[in-house]
Amino acid sequence: MSAPGEAPAERGVTIDGPHTRDMDDALWVERVPEGWRVTVCVADVARAVLPGSPEDARACAMGATHYFAAGTSPMLPRALGEGSLSLWPDGPRPALVLEATLSPDLSGARLDVRRGRVQSLVKLTYADVPRHVAHGGPEGDRPGPLGTMLRAARDLAFALCARRREAGAMALYDLNHGWVTTEEGALRTFADVRETVGHLIVQEVMVLANRLLAEWAVARELPVLFRNHEGRATPTDRDDLARELAEAHLLDPERLEGLRRRTHLLVGRARYGATARGHHGLALSAYLHGTSPLRRYADLVTHRQVLAAVAGEPLPYTREALEALAEHLHELDEARRLSEGEAYKGRDEALARRNIEARRLDGLNAASFERATKLVVAAGGDPTPAFVEGFVSRVAGGRAPLLALTVAMVKAPRTAAWAPVFDACLTALAARPEDGPSLLTQARQLDPALPEPVVVATAVGPDHAREFTATAAMQGAQGEGTGRKAREAEQWACVDLIARWV
């Protein structure tokens with residue numbers, strides 16, 4: 001019930017994992033005469049956690065909630081993050097309300113930002129969503145309010161993802177195999193494919209809310225912690241990746257795994273900053289994080305700036321203070337990555353050794369096969385016959401990720417024992433010349449001392465019979481290629497360069 005004179009609470013549902021207790025955002029999507037209305041209500045953490053408080057100091061020191069296999073180390077005390085501030089469906093909760101009205105074709109959007117309240121109607125898990133979409137939820141087979149809303153959310157999510165892909169973002173979803181791209185363009189998979197559509201709904205609606213809020217801040221010259229992302233791929237690699245991502249539903253799971261590893265290598269890491277510098281993975285000019293203030297300190301800081309601007313109050317942070325916070329959060333993120341990497345390294349190397357010794361290379365998934373290849377190459381010397389046999393078999397069957405080929409060709413010793421591996425790699429490139437430019441890009445990332453290859457294509461012949469020739473040069477070696485299109489000629493030139501270089 002609303003108090004006299006108090007606006008009614010917004011409707012919303014939370015969609016999270018089955019064990020999640022810190023629900024910090026609720027969504028509601030509906031079709032309206034103007035097109036779409038999307039309401040995202042985010043827990044009003046700024047109301048309860050004040051700058052300089054012990055809770056704030058703890059959150060700043062951690063930067064974000066830490067997730068482990070056996071549980072979590074929360075950024076906020078559990079009584080707050082999992083209790084009074086979490087959007088449980090047990091009564092209205094204070095919230096930052098982001099209400100967007102979108103045109104039918106998604107070309108136009110208007111955002112209203114205000115403080116309010118939200119009533120979560122139900123706590124859904126990702127795996128719950130397909131059943132509710134198909135059967136209308138707890139209303140049975142009738143498309144009641146929840147089922148109707150989730151169907152609209154699903155349709156909107158598909159449309160938003162497709163529009164982002166058309167704009168140049170590295171985005172896909174594959175409901176059959178359980179694959180989606182993250183906001184930074186990296187591929188992730190779910191063990192339970194039923195979770196895919198729920199994750200897609202949440203991701204696309206939150207990307208929309210964060211993008212519109214970033215644009216709202218830019219229009220008002222409001223300094224916040226923007227999420228900036230710079231890509232490392234060359235233009236050709238980006239085009240190839242976008243094409244492969246668009247066609248990912250045609251690939252088998254093994255190829256999808258290889259594509260995941262490739263996109264992970266070719267995209268950079270995002271970081272915070274007080275100035276909007278664009279987001280490569282999303283193909284956006286401005287982006288921020290503002291929908292998870294229970295789990296990320298950056299979101300809480302941005303909420304404080306936004307709410308002060310809405311209320312016409314002095315801003316709690318200067319641009320200089322935000323830049324200092326951005327650097328602090330970056331350092332925390334790098335330290336966490338380093339710690340996790342060291343912990344996983346020993347375990348992965350031991351597993352890779354056991355797989356090599358047991359002659360199980362042919363049955364490994366792509367990630368494990370890459371680890372085994374890196375381990376053998378890093379050991380130096382000649383590979384065992386079992387490794388060579390398993391590697392050649394994987395490559396011949398088209399089941400070897402490109403990064404494994406790159407590691408072998410760039411890092412392995414040039415000895416007779418490695419010759420069958422090199423030959424198998426070159427044969428694979430001849431069958432898929434489009435991988436040539438990507439392999440060279442990966443090679444430079446594995447060995448920064450390598451110069452950037454110079455690739456030049458030239459048109460030859462009359463207009464009615466035009467062809468292209470291309471050269472690719474690096475470290476004194478030069479490859480040549482021909483094709484009906486410039487890109488085709490460049491790809492073959494890169495393959496020829498790799499053959500001469502190796």
Rounded to one decimal in nm, the spacing of the 7 Å Cα→Cβ label points at ARG220 and SER285 is 1.9 nm
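Determine the gain in length on full extension of the stretch HIS464-TRP88; use 0.36 nm per residue of separation and subtract their C-alpha separation, reporting nm with one decimal. Could you put the intermediate results ahead of the total?
Values: separation 376, 0.36 × 376 = 135.36 nm, distance 6.77 nm.
Residue separation times 0.36 nm, minus the Cα-Cα distance, leaves 128.6 nm.
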In nanometres, the difference between 0.36 nm per residue of separation and the alpha-carbon distance of ARG114 and ALA308 is 68.8 nm
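Which percent of the accessible area of the range 56-108 is formed by carbon and sulfur heavy atoms (probe 1.4 angstrom)?
Working: 1450 of 2290 Å².
It is 63 percent, rounded to a whole number.
Rounded if a/c is under 1.5, else prolate if a/b is larger than b/c, else oblate: which is the range 382-443, with a ≥ b ≥ c the root eigenvalues of its Cα gyration tensor? The partial results should precede the final answer.
Working: a/c = 2.01, a/b = 1.37, b/c = 1.46.
Note, shape of the range 382-443 comes out oblate.
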Computed curve, the range 388-502, Cα-only Debye sum without solvent term, log₁₀ I(q)/I(0) at 0.14 Å⁻¹, is -0.57
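Please report the net charge: other residues with Cβ closer than 11 Å to the Cβ of PHE468, K and R +1, D and E -1. Intermediate results must be reported in sequence, preceding the final value.
Values: positive: ARG466, ARG484, LYS485, ARG487; negative: GLU467, GLU488, GLU490.
Cβ neighbours under 11 Å give a net charge of +1.
Find out how many positive minus negative residues lie around LEU111, taking Lys and Arg as positive, Asp and Glu as negative, among other residues whose Cβ is under 9 Å from that of LEU111. Mind dumping the intermediate values first?
Working: positive: ARG110; negative: GLU99, ASP112, GLU215.
That works out to -2.
Using a Förster distance of 35 angstrom, determine the FRET efficiency expected from the C-beta separation of ALA419 and VAL456, and round it to 0.05. Can you show the working numbers first?
On the way: r = 31 Å, r/R0 = 0.88.
Taking R0 as 35 Å, the efficiency between ALA419 and VAL456 is 0.70.
How much net charge surrounds LEU27 when only the other residues with a Cβ under 13 Å from the Cβ of LEU27 are counted, with Lys and Arg +1 and Asp and Glu -1?
Values: positive: ARG11, ARG37, LYS123, ARG154; negative: GLU10, ASP16, ASP24, ASP25, GLU30, GLU99, GLU204.
Here the count lands on -3.
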Given 410-416, 211-217, 470-476, the highest-first ranking by average Cβ count within 10 Å works out to 211-217, 470-476, 410-416
Counting only backbone N atoms under 15 Å from a point 7 Å out along Cα-to-Cβ of ALA335, the residues of the range 57-78 in range are 57-66
Magnitude of the Cβ-charge dipole (Lys and Arg +1, Asp and Glu -1) of the range 55-113 about the Cα centre, nearest 20 debye, reported as 160 debye
A 1.4 Å probe over the protein heavy atoms gives the range 377-462 a carbon and sulfur accessible-area percentage of 61 percent
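Throw me the Rg/Rh for the range 1-133, computed over C-alpha atoms with Kirkwood Rh, two decimals. Could the numbers behind the result be given before it?
Numbers: Rg = 16.5 Å, Rh = 16.4 Å.
Radius of gyration relative to Kirkwood radius: 1.01.
Using a simple charge model, +1 on the beta-carbon of Lys and Arg, -1 on the beta-carbon of Asp and Glu, nothing else, what dipole does the range 375-502 show about its Cα centre, in debye to the nearest 20?
Values: 11 positive and 13 negative charges, 36 e Å.
Charge dipole, the range 375-502, about its Cα centre: 180 debye, nearest 20.
Rolling a 1.4 angstrom probe over the protein heavy atoms, how many square angstrom per residue are accessible across the range 455-501? Walk me through the intermediate numbers first.
Values: 2730 Å² over 47 residues.
Per-residue value: 58 Å².
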Taking 441-450, 277-286 and ranking on average Cβ neighbours within 10 Å, highest first, one gets 277-286, 441-450
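What is the Rg over Rh value, at two decimals, for the range 85-130, using alpha-carbon atoms and the Kirkwood definition of Rh?
Values: Rg = 14.1 Å, Rh = 12.9 Å.
Answer for the range 85-130: 1.09.
Starting from the Cα-Cα distance between HIS66 and GLU34, subtract it from 0.36 nm times their residue separation and give me the gain in nm to one decimal.
In short, 7.4 nm is gained.
Students often check this: by mean Cβ neighbours within 10 Å, which of 87-94, 107-114 ranks highest, and how do the rest follow?
Working: 87-94: 16.9, 107-114: 13.5.
Ranked from most to least packed, the peptides come out as 87-94, 107-114.
Taking only protein heavy atoms into account and a 1.4 Å probe, give the accessible area per residue of the range 16-87 in Å². Don't skip to the answer; put the middle values down first.
Numbers: 3180 Å² over 72 residues.
Per-residue value: 44 Å².
The values are calculated or read from the model by the stated rules, or taken from the named source; none is laboratory data. These figures come from a predicted structure and were not determined experimentally. A quick note on method: Cβ atoms are made from the backbone with ideal geometry, for glycine too, and the neighbour counts reach across all protein chains shown. Each accessible area value is taken on the protein alone, full model and side chains, heavy atoms only, with ligands, DNA and RNA left out. Shrake-Rupley method; radii C 1.70, N 1.55, O 1.52, S 1.80 Å.
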